[in-house]
Structure formats: C-alpha cells, structure tokens
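J.: Sharing a structure with you now.
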Amino acid sequence: MQTSFYISGFLYSPKTNQILLIQSKSGTNQSLWSTIGGEGKGKEEAAAAFQRITNLLLNINLRPKDIYPIYDYFHNVRNKPNHVFYAEVKSTKKFNDLDSGTPTWITFGEISKLLFTAQTKQDIIVGERVIKAKLRDIEAQELKELQEQFA
C-alpha cells in the first residue's frame, strides 16, 4: 500500500538556464521563495503527481518524458517522503499569480540572494547539480559521436 507522500520541484528552461520558483506574498521587504509542491494521491506515481500538481497550479501540461527526478528523502517537518523533480520547458512564459505567491523565473546564480527554507535551498542546489551532470553527459556523448565520425 502506498503511503502518503509530498512532491516538489521546479520548471527548468535550458534555453535561458532559468528555473521557475514561487515568491511568497509577504508584507515584509524579503519574501520567502519555494518550489512547486503538493500532496501525492493514493497509488499515484510521484512523477505523475508532479505533472498533475504543476498542471493544477500553472495550467501547463508537462510531458512525462520532460520530467526528471532529482532525489527523494524523508521530510521531517511533513513527516512523509518527499520526491523532488524538475521538468524541462521550452519557454519562460509568464504565469498568473497563485494563492501562495508569484511564479518567477530566476537563474541559479540569483539563488544566493533569495530567502529560502534550508531544505528548499538544498533541493534547488541538488537540482542544479543534477541538471549540470545531465548536460555534461550530453556533451560527452556528442563529443564521442564526433570522434567516431572522424576516426
């Protein structure tokens, strides 16, 4: 039997190297930033939950092939497993405000200037490393194919 779980993550545009995060609505000078997230349902697969919640919040239909796992861990505050994903998207279109805040595109370089919970910041840092590793693998494969052509 599937236990309850939480999913979180962000959209990633390879074209602009930006990610979509949520800036909370706050009356203070500094807003808290978060990833997209929500509860998994029943026997739902974690990636399908990320796809469903992203569609619900942002009205965007992600293709399963564009959703990538980052990592999983037990979230002590929520007292349940958390599955973290990112999804590649072609454009950095503007999204409407949510009840929880404003979806905003940012670069990985801007992360150090923003206010996050420690866990959310960790999720984003690990996500950036996963994306960079994937890009290195793609570049290595392309180089190998070029070398084979001229061998």
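The values are calculated or read from the model by the stated rules, or taken from the named source; none is laboratory data. Just so you know, these numbers come straight off a predicted model, no measurement behind them. Glycine also receives a Cβ, built like all others from the backbone with ideal geometry; neighbour counts cover every protein chain displayed.
J.: Can you tell me which residue is surrounded by the most Cβ atoms within 10 Å (Cβ to Cβ) among those in the stretch 65-82 that are outside any strand (DSSP E or B) and modelled with pLDDT under 95?
T.: My answer is Arg78.
J.: Quick check, is Asn76 out of contact with any strand residue (DSSP E or B) (no Cβ under 8 Å at 6 or more places or on another chain) and over 16 Å from Gln23 (Cα atoms)? Break it down into steps so the answer makes sense when it comes.
T.: Details: out of contact with any strand residue (DSSP E or B) (no Cβ under 8 Å at 6 or more places or on another chain): yes; over 16 Å from Gln23 (Cα atoms): yes.
Yes; evaluated as a whole, the condition is true for this residue.
J.: Can you find a residue in the stretch 2-14 that is on the phi > 0 side of the Ramachandran plot and modelled with pLDDT of 95 or more?
T.: Looking through the stretch 2-14, at least one residue is on the phi > 0 side of the Ramachandran plot and modelled with pLDDT of 95 or more.
J.: With Ile138, Ile125 as the choices, which residue is within 22 Å of the chain's Cα centre (by Cα) and more than 17 Å from Tyr71 (Cα to Cα)? Step through it out loud before you land on a result.
T.: Values: Ile125 fails: more than 17 Å from Tyr71 (Cα to Cα).
Being within 22 Å of the chain's Cα centre (by Cα) and more than 17 Å from Tyr71 (Cα to Cα) holds for just one of Ile138, Ile125, which is Ile138.
J.: So in the stretch 6-59, with the set limited to residues that are under 13 Å from the mean Cα position of the chain (by Cα) and among the polar types (S, T, N, Q), which one is nearest to Thr107 (Cα to Cα)?
T.: Ranking the qualifying residues of the stretch 6-59, first place goes to Gln18.
J.: Restricting attention to the stretch 47-89, report how many residues are closer than 16 Å to Val126 by Cβ and touching a Gly at 6+ places or on another chain (Cβ under 8 Å).
T.: Matching residues across the stretch 47-89 total 7.
J.: Would you say Gly38 is free of Cβ contacts under 8 Å to residues at least 40 places away in the same chain and of a type in the set (Gly, Ala, Ser)?
T.: Spelling it out, Gly38 is indeed free of Cβ contacts under 8 Å to residues at least 40 places away in the same chain and of a type in the set (Gly, Ala, Ser).
J.: Can I ask one more? Which of the following residues is under 24 Å from Thr3 (Cβ atoms), polar (S, T, N, Q) and modelled with pLDDT of 95 or more: Thr35, Thr107?
T.: Within the list Thr35, Thr107, the selection yields Thr35.
J.: Take the residues in the stretch 83-120 that are assigned to a strand (DSSP E or B) and of a type in the set (S, T, N, Q); name whichever of them is surrounded by the fewest Cβ atoms within 10 Å (Cβ to Cβ).
T.: Result: Thr107.
J.: So how many residues does the stretch 18-64 have that are surrounded by 13 or more Cβ atoms within 10 Å (Cβ to Cβ) and in a helix (DSSP H, G or I)?
T.: 11
J.: Looking for whichever is modelled with pLDDT under 95 and of a type outside the set (Lys, Arg) here; the options are Gln18, Gln30, Gln51. Which one fits?
T.: Testing whether each residue is modelled with pLDDT under 95 and of a type outside the set (Lys, Arg) leaves just Gln30.
J.: What single numbered condition from (1) in contact (Cβ under 8 Å) with a residue 24 or more places away in the chain; (2) of a type outside the set (A, V, I, L, M, F, W, C); (3) surrounded by fewer than 19 Cβ atoms within 10 Å (Cβ to Cβ); (4) assigned to a strand (DSSP E or B) fails to hold for Ser8?
T.: With (1) in contact (Cβ under 8 Å) with a residue 24 or more places away in the chain; (2) of a type outside the set (A, V, I, L, M, F, W, C); (3) surrounded by fewer than 19 Cβ atoms within 10 Å (Cβ to Cβ); (4) assigned to a strand (DSSP E or B) applied to Ser8, the lone miss is (3).
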